[in-house]
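Structure first, then comments.
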Amino acid sequence: MATCEVASSVTGVVFELAARAGEAVVQGQSIVIVESMKMEIAIVAPSAGQVSAIMVEVGQPIDEGQIIAVIQT
């Protein structure tokens, strides 16, 4: 199995966790919703697999490029 790190494409605050560790996801499925500039932006799975870790919590500020989740493909 390969590991795929999911990075945030924007700077903002974690608004919602749309997936949990252990959950199977498909390519394009929302993993985390980030609030940035009063907009909700979905960070999606770049590939199908199983979420092995969510690295952020609701309300946590994050930076563009920060690793927010890990998927085993």
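Just give me the residues in the range 35-48 being loosely packed, with under 13 Cβ neighbours inside 10 Å and in contact with a Phe, Trp or Tyr (Cβ under 9 Å, 6 or more places away or on another chain), in sequence order.
GLU40
Could you check the range 4-45 and list, in sequence order, the residues that are touching a Gly at 6+ places or on another chain (Cβ under 9 Å) and under 11 Å from VAL70 (Cα atoms)?
CYS4, ALA7, ALA45, listed by residue number.
Open to solvent by less than 20 Å² (accessible area, probe 1.4 Å), outside any strand (DSSP E or B), within 16 Å of GLU5 (Cβ to Cβ) and touching a residue at least 24 places away in the same chain (Cβ under 8 Å): which single residue out of VAL32, VAL51, VAL56 fits that description?
VAL56
Quick check, is ILE67 touching a strand residue (DSSP E or B) at 6+ places or on another chain (Cβ under 8 Å) and open to solvent by less than 50 Å² (accessible area, probe 1.4 Å)?
no
If you check GLU23, GLU5, which single one turns out to be among the charged types (D, E, K, R), in contact with a strand residue (DSSP E or B) (Cβ under 9 Å, 6 or more places away or on another chain) and open to solvent by 70 Å² or more (accessible area, probe 1.4 Å)?
None of the other options fit; the residue is GLU5.
Pull up the range 8-20, narrow it to residues that are out of contact with any Ser or Thr (no Cβ under 8 Å at 6 or more places or on another chain) and in a loop (DSSP other than H, G, I, E, B), then point me to the one that is least open to solvent (accessible area, probe 1.4 Å).
By that ranking, first place goes to SER8.
The values are calculated or read from the model by the stated rules, or taken from the named source; none is laboratory data. For clarity, every value in this text was computed on a predicted model and none was experimentally measured. Quick reminder, even Gly has a Cβ in these numbers, built from the backbone with ideal geometry, and neighbours come from all protein chains shown. Ligands, DNA and RNA are excluded from the accessible area calculation, which covers all protein heavy atoms including side chains. Shrake-Rupley method; radii C 1.70, N 1.55, O 1.52, S 1.80 Å.
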